[in-house]
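Here, each number is a calculation from the coordinates, and none is a lab measurement. Predicted model only: the values in this text are computed from it and were never measured. Methodologically, a virtual Cβ is constructed for each residue, glycine included, from the backbone with ideal geometry; neighbour enumeration extends over all protein chains shown.
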Amino acid sequence: MAHDPARPAAQAQCPYCGVGCGLELKQPLEPGGHWIARGDRHHPSSLGQVCVKGATVGQTLDHNRLTTPLWRSSTDQAFEPISWERAFSILVERIQATLASKGPQALAIYGSGQFLSEDYYVANKLLKGALGSNNFDANSRLCMSSAVSGYARSLGSDGPPCCYDDLDLADLVVLIGTNTAECHPVLFQRLLKRKRKQGDALRLVVVDPRATATSDAADLHLAIHPGTDLALLCGVGHLLLSYGGIDQAFVDAHTEGFAELRALWREWTPQRVSALCGITTEQLVQLADWWMASAQVLSLWSMGVNQSREGTATVSGIINLHLASGQIGRAGAGPFSLTGQPNAMGGREVGGLSQLLPGYRAVANPEHRAAVEQHWGFPTGSISDTPGLSVGQQIDAMERGDLDLWWVAATNPLVSMPSLDRVRAAAARCPLVVLTEAYAGTETESVAHLLLPAAQWSEKQGVMVNSERRVTLCQAFREPPGEARADWAIFAELGRRLGFEEQFGYGSSAEVYAEFAGLTGGRVCDVSGLSHQLLQSDGPQQWPFPAGTEAGGGVARLYTDHAFPTATGRARLLAEAPLGLAEPPCELYPLVLTVGRYLGHWHTMTRTAHVKRLVKQHPEALLEVHPLDARRHGLQDGQWAEVRSRRASIKARVLETERIREGTVFLPMHWGASQATPCEANRLMHEEACVHSKQPELKASAVTILPA
């Protein structure tokens, strides 16, 4: 495509992490060249900043794309090209046969935080409304579902109450379970620049078993034992009680459950907490002192908190501290979850988990079901009153032979799920596995029967929502390759072919968004005043944005009136005792493996593995081992090690480092079986999950290491 200097840059939200940086994209300078990405200086969330992944995203658009539907009746056969007509016939025949023989519970879709909101919405409407199955789940289940349930249980609704401007106002920022420098780099740079200018006026506390680029900037690094985050929070609560750090007037007026929480906190003495967490009592007291001395406390967390069997309880533990000290609902203060994926927030709003409906509604609530059925134009009772299968439960169902159709879209569970060998074996039992994907050759393709080529974010128009509730319209600035189609359009076409012509008669993604926005009026996530047209003309907007709101009039912070969307109007202080790791180390498996991300790679490397600059930065997965642990296990720096858990064994090259505490080892989760040097970390991880959020404990499994 020839460069047209008169053509204005297209605008979009970056398709990587949940920071949601604004991008401007320009045509290639020469035929066959890459689109050029740069930061959008007018985007209010990022102000022109961009990380190395966002800066190189233009190099990922054309490589290895799927361009036509592909089919095979058995996974031991080769794929053959087919028409879209044939693809839809296969889907319609399977769905109709399954509904007649097993019912809607034998159908399931597993979607993605890489969906646009419109993709999410139509997929949910198709499965939950038209077909009567709530078995729509998304990879946000692995990412943010503990934050969803934690916010809902403590505050009455999902929805982060803070905004990015709070990073500029807080005088204490606690980063717990987040390597922000590598996973949310633009936000971290914002903090770092302020820290360099203001020094001790901003204090940073990092809670992480590893020393990272994030902890390097910290005033206090608490290298706790994996799985002891909630115990640490209870210890801080104990000290707030002991030294007058409770805002009793706020607690009495705006919360409930304090007596039970107070009794729990009193049990967690500094000595008990320091022994369990592996830190000094002085470090614990320092954190509590700074919390009590700070006018504005901001807590940031991500996967290190959420990916735990007590993820929801730990989220509530963070919120407990903010409620008990009155540090919520005002500038510079509050509990702020950092979303992992570019549109995981948008997915939560449109009902993109198996227990949810659009507008932060619940499938178990009859009034919520009735409102959605009426808006969607389906008869009363169309939506099942039973929460659907989470993705982990979908794997269980395939093992039992209960699923006839597993439809995976815009995600790669054959790298990202825990206990991968079990996932692969379960999928092999499903009669029809469908994969809607932009790229060829992902690991999940190996278990699929039907491949559907998807248009990605650059090739379709729609909305994404970032961690601070900022809604950005992503423009389509190039044509999809071959016969690739937008996900929402695929789901809508299938809905029409199944007989729901009126409910899925959309002419554009703008019509889809307008229908969704109409479902949010009066809800916490109210976007009834937003439209593609307004976002196109006035730029990104923050919700709540009710009908009648003028551009720029969205609400930056929730709960500024200290009224919470619970039955009593009060926030709930939840007293839940720490459980610790679901799989603690033992004599046979004496180490704890934790997994995470590298700055230059994204999830399962579907995009980033094809960018030379990023591969050069991180050419292989390295096993971080403390030198004393390396000696105990007969290993040296640079040597290949075998890493064993109760489920599997993999190989990785050793990186000896004192930046990880003894007894803990680390691997990145990006490398799957298709990479030149595979290192499938999640083969080792167990499936134990939080009872509330169904989010698996992907951050900790017991392992041993030995020379390969």
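A few remarks follow.
- In order through the range 43-58: 3J(HN,Hα) via Karplus (6.51 cos²θ - 1.76 cosθ + 1.60), integer Hz, x for Gly, Pro: 6, x, 7, 10, 6, x, 6, 7, 8, 5, 5, x, 5, 10, 5, x
- Local net charge near Gly340, Cβ-Cβ under 13 Å (Lys/Arg +1, Asp/Glu -1): +3
- The phi torsions of the range 9-17, fed into the Karplus equation with coefficients 6.51, -1.76 and 1.60 and a -60° offset, translate into couplings of 5, 6, 10, 7, 8, 4, x, 9, 7 Hz, rounded to whole numbers, with Gly and Pro shown as x.
- The label point for Leu241 and the one for His375, both projected 7 Å from the Cα toward the Cβ, are 4.2 nm apart.
- Residues of the range 92-111 with amide N under 12 Å of the 7 Å Cα→Cβ point at Ala428: none
- Pairs exceeding a 25 Å alpha-carbon distance, out of Lys193/Lys699; Lys651/Lys699; Lys197/Lys612; Lys53/Lys197; Lys128/Lys699: Lys193/Lys699; Lys197/Lys612; Lys53/Lys197; Lys128/Lys699.
- Packing rank of 232-240, 303-311, where each peptide gets the mean count of other beta carbons within 10 Å, highest leading: 303-311, 232-240
- Scanning the chain for DSSP H helices at least 24 Å long along the axis (C-alpha atoms) with a Kyte-Doolittle mean no lower than -0.5 picks out 84-101.
- Chain lengthening between Ala676 and Arg496 when straightened (0.36 nm per residue, less Cα-Cα): 60.6 nm
- Column: log10 I(q)/I(0), Debye, Cα scatterers of the chain, q = 0.11 Å⁻¹: -1.17
- Each Cα pair under 8 Å and six or more residues apart adds its sequence gap; the mean of these over the residue count of the range 596-708 is a relative contact order of 30 percent.
- A straight chain from Ala567 to Asp396 at 0.36 nm per residue would run longer than the Cα-Cα distance by 58.1 nm.
- A DSSP coil position with no more than 12 other Cβ atoms inside 10 Å describes the following GluC sites (Glu not before Pro) in the range 501-540: Glu501, Glu502.
- Interchain or long-range residues, amide H under 5 Å from Leu356's placed H: Val363
- In order through the range 541-553: 3J(HN,Hα) via Karplus (6.51 cos²θ - 1.76 cosθ + 1.60), integer Hz, x for Gly, Pro: 10, 9, 8, x, 9, x, 3, x, 6, 7, 3, x, x
- If R0 is 51 Å, the Cβ-Cβ spacing of Val52 and Ala259 corresponds to a FRET efficiency of close to 0.55.
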